[in-house]
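First the structure, in the form of structure tokens, and then the observations on it.
The values are calculated or read from the model by the stated rules, or taken from the named source; none is laboratory data. Keep in mind that what you see is a predicted model, and the values were worked out from it rather than measured. So basically every Cβ, Gly included, is an ideal-geometry build from the backbone, and we count neighbours across all protein chains shown. Just so you know, the surface numbers come from the protein's heavy atoms only, side chains and all, with ligands and any DNA or RNA stripped out. Shrake-Rupley method; radii C 1.70, N 1.55, O 1.52, S 1.80 Å.
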Amino acid sequence: MDKTSLIGITLGIAAILSGQVLEGGHISSLVQPTAFLIVVGGTLGAVMLQSPLPVFRNGMRMAKWVFVPPSSNHTDLIAQTTDWSHIARKEGLLALEERLDTLPDPFVRKGLQLLIDGVEPQHLRDVLEVEIDAWSAQMRLGAKIWESAGGYAPTIGILGAVMGLIHVMENLSDPSRLGSGIAVAFVATIYGVGFANLIFLPISKKLLAHVASGVSQREMLVDGLVGIASGDNPRIIESRMQGYVS
């Protein structure tokens, strides 16, 4: 669990609600189902319209990374790769074959398989870097779903505000209906700007950070596998991989 994300979103919402109370307002005045429907439904529709279905689904699945980040342990991977280099140096590359079934990550498994197959170091790097680029591009498209939502939400909020004002103008002769229309108008704007800057855009940035970390980890692995394929000393391989750890 990423506690920073949980604390951040809680702090942001609490600050807004506290400000509302300190100004003498009521929290209930910010609860407007109509405004919520306009902003969230309109933003979701716009995002779905701009994105192919696989990209949209991937972006929605990636949202869980905000609170439950993907496994990323550079230290363990360095230790594992260094162990492979010792085995390859003493017993040969084929001795690594029994390790394949213990690897849950498809990318790591593919890299080790190519190494065992005796692929030339440069070809090994080329194949795996293509896969890294493809993975990175796919994940970045998913993260940009949330960035797009952050761009659409404020505009949809303004649209909701205009709709609320239209409702007000249509009922000027009935003062009892003016309050709800004005509330929807202003709350829709708050929802649009609030969702964009407290939820959608931060989610996008967090996902892009996780993607960058995943790319770094994969590049580090490639460097280690190429070192093993080239017959480098295990200590040199370990030292080079540690350069990726900040």
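The table below lists the values:
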read-out	value
Single match in 63, 88 (criterion: over 30 Å from residue 200 (Cα atoms), touching a residue at least 60 places away in the same chain (Cβ under 8 Å) and of a type in the set (Gly, Ala, Ser))	88
Hits in the range 163-182 (condition: out of contact with any helix residue (DSSP H, G or I) (no Cβ under 6 Å at 6 or more places or on another chain), modelled with pLDDT of 70 or more and either open to solvent by less than 50 Å² (accessible area, probe 1.4 Å) or not in a helix (DSSP H, G or I) (or both))	172, 173
In the range 214-230, the residues that are of a type outside the set (Val, Ile, Thr) and either part of a helix (DSSP H, G or I) or open to solvent by less than 20 Å² (accessible area, probe 1.4 Å) (or both)	214, 216, 217, 218, 219, 220, 221, 223, 224, 225, 227, 229
Test: residue in the range 145-162 that is surrounded by 15 or more Cβ atoms within 10 Å (Cβ to Cβ), of a type in the set (Asp, Glu) and over 25 Å from residue 228 (Cα atoms)	yes
